[in-house]
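Written below as structure tokens is the structure these notes are about.
The values are calculated or read from the model by the stated rules, or taken from the named source; none is laboratory data. On a predicted model such as this, the values are computed, not experimentally measured, just so you know. Methodologically, a virtual Cβ is constructed for each residue, glycine included, from the backbone with ideal geometry; neighbour enumeration extends over all protein chains shown. Calculation scope for accessible area: heavy atoms of the full protein, side chains included, ligands and nucleic acids excluded. Shrake-Rupley method; radii C 1.70, N 1.55, O 1.52, S 1.80 Å.
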Amino acid sequence: MDAEIPYLLLTPGPLTTTKSVREAMQVDYSTWDVDYNQRVVEIRNRLVQLATNESGYTSVLMQGSGTFAVEATIGSVIPPDGKLLVISNGAYGARIAQITRCLNISLKELSYPETEPPDLDEIRNYLATDNQITHVAMVHCETTTGMLNPAAEVGKIVAEAGKDYILDAMSSFGGIPLSMESHHVDYLISSANKCIQGVPGFGFVIANQKMLEQTAGFARSLSLDLFSQWNEMEHKGGKWRYTSPTHVVCAFLQALKELETEGGIQQRYDRYSENQSTLVTAMQKQGLNTLLPRELQSPIITSFYYPEHPQFSFNEFYDELKKRRYVIYPGKVSQAETFRIGNIGNVFPDDMLALVEHIEQVLHTITVS
Ligand SMILES: *Cc1c(COP(=O)(O)O)cnc(C)c1O
């Protein structure tokens, strides 16, 4: 572990970044400065290139955490008489539905248990019966559990039904290969502090440009107006509306360059997958089992059941691991007692093995005391 960092974040974001990404924040830029705006232009181009090889796509950056970018998208791309179908099987899918209700947009939610994938036949049948639906939204990697949802299969159904598809790829984009066209995605949402390995401060949307251009005037918010933000960035050389997180933007460009140096998304996916399988194999040797079966599991974050021991307390477990410089994540599943370990960020299989050694020692001290 890097001696300069107080602890390794094994969380789904903010996550452990490289020293060079953190160092990229040492310069103060003016938001009016051409040096800065050129970085924004470069970021927007690189994001589109990561998401597709085809033309016709564009990107928008939006201040705030990932949820702000989700809210900007839902509130800006659905027309006044539109209706959104939300497919949910976890807290982040439920959050999209909550945003939709908050904005008074017509909504149908098809929700599934947190440990089950969505039912493709039910989605297809629902779309055939409700002709008011204009858009469909789903989470790609449901960070609640670590489940990888069938984004391409759902995209195909949505495209066949002639609806627009919004994918919350917050915790997967940059870490799991996907393309706008292969997954039939019209709006893909992610943020700076997940698999691209930047620091928190903004989210982004990669969009079908023709569709986005048709959404002028739909926004239910001034600051979270996706079209207006895009229009400014596109036509004013990388300018944001309102103050942008300049330091975060510089860190993000560095993070994008490091993703390229690593070999791209496929190589990053391979590393995360190795992190995840190394972790699970070592945890299972300690008798710690995963919530999800392997076929539903993403390489992003893994949920584990609490150990079967009457003295186990998550808070104590967490504190002991933190003393040993590993920060894990509490569970978010409602029906089971779990904790989570993130597999993303500047972390490697050896970090996973070292963590599990500490877990073994900590569980030993908890159970003998
Ligand atoms: C992290 C995350 C978000 C956004 O969370 P913020 O805390 O607002 O950054 C949204 N959806 C998913 C699937 C996520 O993992």
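Check segment 193-215 and report whether any residue there is surrounded by fewer than 18 Cβ atoms within 10 Å (Cβ to Cβ), more than 21 Å from the chain's Cα centre (by Cα) and within 16 Å of the ligand (Cβ to nearest atom). No. If you filter segment 224-235 down to residues that are open to solvent by 10 Å² or more (accessible area, probe 1.4 Å) and in contact (Cβ under 8 Å) with a residue 40 or more places away in the chain, you find that the one that is farthest from the chain's Cα centre (by Cα) is Glu234. The selection criterion, being assigned by TED's automatic domain parsing to the domain that holds Ser182, open to solvent by 10 Å² or more (accessible area, probe 1.4 Å), within 16 Å of the ligand (Cβ to nearest atom) and not small (Gly, Ala, Ser), does not hold for Thr73. Please go through segment 131-187 and give me each residue that is under 19 Å from Thr73 (Cα atoms), in contact with a Ser or Thr (Cβ under 7 Å, 6 or more places away or on another chain), outside any strand (DSSP E or B) and among the aliphatic types (A, V, I, L, M), ordered by number. Ala169, Met170, Met180, listed by residue number. Given the residues Met147, Met170, which is the only one that is within 12 Å of the ligand (Cβ to nearest atom) and either basic (Lys, Arg) or open to solvent by 10 Å² or more (accessible area, probe 1.4 Å) (or both)? Residue meeting the stated conditions: Met170.
Filter segment 4-41 down to the residues that are assigned to a loop (DSSP other than H, G, I, E, B), under 25 Å from the mean Cα position of the chain (by Cα) and loosely packed, with under 13 Cβ neighbours inside 10 Å and list them by number.
Kept after step one, since they are assigned to a loop (DSSP other than H, G, I, E, B), are these residues of segment 4-41: 4-7, 10-18, 27-33.
Filter again for under 25 Å from the mean Cα position of the chain (by Cα), leaving 5-7, 10-18.
The answer is Pro6, and nothing else.
In summary, Arg268 fulfils each of the numbered conditions (1) in contact with a Cys (Cβ under 8 Å, 6 or more places away or on another chain); (2) outside any helix (DSSP H, G or I); (3) of a type outside the set (Gly, Ala, Ser) with the single exception of condition (2).
Cβ-Cβ distances below 6 Å connect the following pairs, each with a first residue in segment 24-37 that is assigned by TED's automatic domain parsing to the domain that holds Pro245, a second residue that is open to solvent by 60 Å² or more (accessible area, probe 1.4 Å), and a separation of six or more residues or different chains: Met25/His247.
Return a yes/no flag: does segment 327-348 have any residue that is of a type in the set (S, T, N, Q), in contact with a helix residue (DSSP H, G or I) (Cβ under 7 Å, 6 or more places away or on another chain) and either free of Cβ contacts under 8 Å to residues at least 24 places away in the same chain or closer than 23 Å to Val199 by Cα (or both).
At the first step, the residues of segment 327-348 found to be of a type in the set (S, T, N, Q) are 334-335, 338, 343, 346.
When the remaining residues are screened for being in contact with a helix residue (DSSP H, G or I) (Cβ under 7 Å, 6 or more places away or on another chain), the result is 343.
Add one more test, that the residue is either free of Cβ contacts under 8 Å to residues at least 24 places away in the same chain or closer than 23 Å to Val199 by Cα (or both), and what stays is 343.
Yes: segment 327-348 contains one or more residues that are of a type in the set (S, T, N, Q), in contact with a helix residue (DSSP H, G or I) (Cβ under 7 Å, 6 or more places away or on another chain) and either free of Cβ contacts under 8 Å to residues at least 24 places away in the same chain or closer than 23 Å to Val199 by Cα (or both).
Quick check on segment 93-104. Is at least one of its residues surrounded by fewer than 23 Cβ atoms within 10 Å (Cβ to Cβ), assigned to a helix (DSSP H, G or I) and either among the β-branched types (Val, Ile, Thr) or in the same structural domain as Gln335 (by TED's automatic domain parsing) (or both)? Within segment 93-104 (the criterion being surrounded by fewer than 23 Cβ atoms within 10 Å (Cβ to Cβ), assigned to a helix (DSSP H, G or I) and either among the β-branched types (Val, Ile, Thr) or in the same structural domain as Gln335 (by TED's automatic domain parsing) (or both)), the answer is yes, since at least one residue qualifies.
Being in contact (Cβ under 8 Å) with a residue 12 or more places away in the chain, within 22 Å of Arg124 (Cβ to Cβ) and in contact with a helix residue (DSSP H, G or I) (Cβ under 9 Å, 6 or more places away or on another chain) narrows it down to one of Val205, Val249, Val158, Val199, so name that one. Give the steps one after another, and end with the answer.
Values: Val205 fails: within 22 Å of Arg124 (Cβ to Cβ); Val249 fails: within 22 Å of Arg124 (Cβ to Cβ); Val199 fails: within 22 Å of Arg124 (Cβ to Cβ).
Of Val205, Val249, Val158, Val199, the one residue that is in contact (Cβ under 8 Å) with a residue 12 or more places away in the chain, within 22 Å of Arg124 (Cβ to Cβ) and in contact with a helix residue (DSSP H, G or I) (Cβ under 9 Å, 6 or more places away or on another chain) is Val158.
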